[in-house]
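The values are calculated or read from the model by the stated rules, or taken from the named source; none is laboratory data. It should be emphasised that the depicted structure is a prediction, and the values quoted were computed from it without experimental measurement. Neighbour counts are summed over all protein chains in view; Cβ atoms, including those assigned to glycine, are modelled from backbone coordinates with ideal geometry. Surface areas here come from the heavy atoms of the whole protein model, side chains and all, with no ligands, DNA or RNA. Shrake-Rupley method; radii C 1.70, N 1.55, O 1.52, S 1.80 Å.
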Amino acid sequence: MLWTEKMFGVKKPIIAMLHIDPLPGDPLYKSENDMDKVVEHAREDLHALQDGGVDGIIFSNEFSLPYQRNMDMVTPAAMAYVIGNLRSEIKVPYGVDAISDGRACLELAAAVKAQFVRGTFCGVYVGDGGLYNNDFSSLLRRKAALPLEDLKMLYFINPESDRNLDTRPLAEIAKSTIAKAAPDGLCISANAAGQDVDDTLIASVKEANPEIVVLCNTGCRVDTIERKLTTADAAVVGTTFKYGGIFENRVDVNRVKEFMQVVYKYRETL
């Protein structure tokens with residue numbers, strides 16, 4: 001049995017993204033967007049996702065654009081404030097993603113008792129934010145020091161919007177990452193958030209590494225999710241749950257329910 005089945009209580013779990021509003025210090029944060037409003041918006045999205053039937057939730061600072069490789073302290077502190085205010089209302093397993101800063105992600109997880117994290121913990125990439133190198137030797141030592149031995153780590157191995165400078169096939173990168181870092185899951189993405197991941201890419205990683213949880217990380221929609229779950233062990237879903245399927249909008253509980261109904265019917269065939 002995969003660890004995801006134990007944690008989420010189902011096969012092929014759907015892990016929803018909860019995109020926290022811009023936070024203090026972010027370019028998009030304005031004086032009128034105080035932390036009380038940030039918490040209230042997160043609360044609305046939390047209840048919409050849970051009422052819609054998702055299996056887990058990742059809290060992320062999605063609107064902290066442009067993302068920092070080394071976060072200002074205020075960002076994970078503000079994220080912890082939001083999650084702390086909501087913790088008694090969270091009814092499903094939850095994780096965190098402090099985007100682009102693996103160390104901040106681990107320290108945030110320790111502070112809010114997250115059960116899993118998602119992030120770019122390995123590899124060398126180039127993109128709009130420049131060149132960045134991820135030192136998983138340092139990150140895993142920090143994880144051990146906190147200590148977070150039960151924390152599950154979901155690794156991006158082809159992050160959306162950035163190009164991996166490692167030219168090996170993705171299945172080979174996955175195999176060596178597993179050997180060196182023992183990730184708990186691998187997130188397979190398209191070139192940008194919302195874009196459809198190539199099914200053969202997911203399948204190639206899973207077939208070469210059958211012991212690892214492989215997640216479809218982008219482009220899951222009501223009309224594609226059944227196909228994605230035939231190759232992936234789980235899916236991370238964000239934008240499609242929002243009103244009109246628009247990234248900037250709040251979560252629409254009816255879109256969540258419609259999506260999850262397709263997932264429930266698919267699980268009946270397993």
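Somewhere in the range 120-139, is a residue more than 23 Å from residue 17 (Cα to Cα) and of a type in the set (Val, Ile, Thr)? Yes. Condition test on residue 57, is it modelled with pLDDT of 95 or more, under 17 Å from the mean Cα position of the chain (by Cα), among the aliphatic types (A, V, I, L, M) and closer than 18 Å to residue 241 by Cβ? Yes, satisfied.
In this structure, residue 168 qualifies as of a type in the set (Lys, Arg), surrounded by fewer than 17 Cβ atoms within 10 Å (Cβ to Cβ) and not in a helix (DSSP H, G or I).
Every residue, every condition in (1) farther than 18 Å from residue 156 by Cβ; (2) surrounded by fewer than 18 Cβ atoms within 10 Å (Cβ to Cβ); (3) of a type outside the set (A, V, I, L, M, F, W, C), yes or no:
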{"residue": "53", "(1), (2), (3)": "yes, yes, yes"}
{"residue": "56", "(1), (2), (3)": "no, no, yes"}
{"residue": "69", "(1), (2), (3)": "no, yes, yes"}
{"residue": "119", "(1), (2), (3)": "no, no, yes"}
{"residue": "122", "(1), (2), (3)": "no, no, no"}
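Figure legend. Inter-residue proximity from the range 130-144: first residues touching a residue at least 24 places away in the same chain (Cβ under 8 Å) and within 14 Å of residue 183 (Cα to Cα), second residues in a helix (DSSP H, G or I) and open to solvent by 70 Å² or more (accessible area, probe 1.4 Å), beta-carbon distance below 7 Å, spacing 6+ or different chains. Indicated pairs: 139/103.
Listed here are the residues, each with its yes/no results for (1) of a type in the set (Val, Ile, Thr); (2) closer than 21 Å to residue 96 by Cβ; (3) open to solvent by less than 10 Å² (accessible area, probe 1.4 Å); (4) in contact (Cβ under 8 Å) with a residue 60 or more places away in the chain.
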position	(1), (2), (3), (4)
172	no, no, no, no
188	yes, yes, yes, no
249	no, no, no, no
259	no, no, yes, yes
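Scanning the range 124-165 for residues that are closer than 27 Å to residue 91 by Cβ, open to solvent by 50 Å² or more (accessible area, probe 1.4 Å) and among the charged types (D, E, K, R) yields 149, 150, 152.
Please return the ranges of strands (runs of 3 or more DSSP E) entirely within the range 173-270 where 1 or more residues are under 25 Å from residue 121 (Cβ atoms) and among the small types (Gly, Ala, Ser).
In the range 173-270, 185-188, 234-237 are the strands (runs of 3 or more DSSP E) which contain 1 or more residues that are under 25 Å from residue 121 (Cβ atoms) and among the small types (Gly, Ala, Ser).
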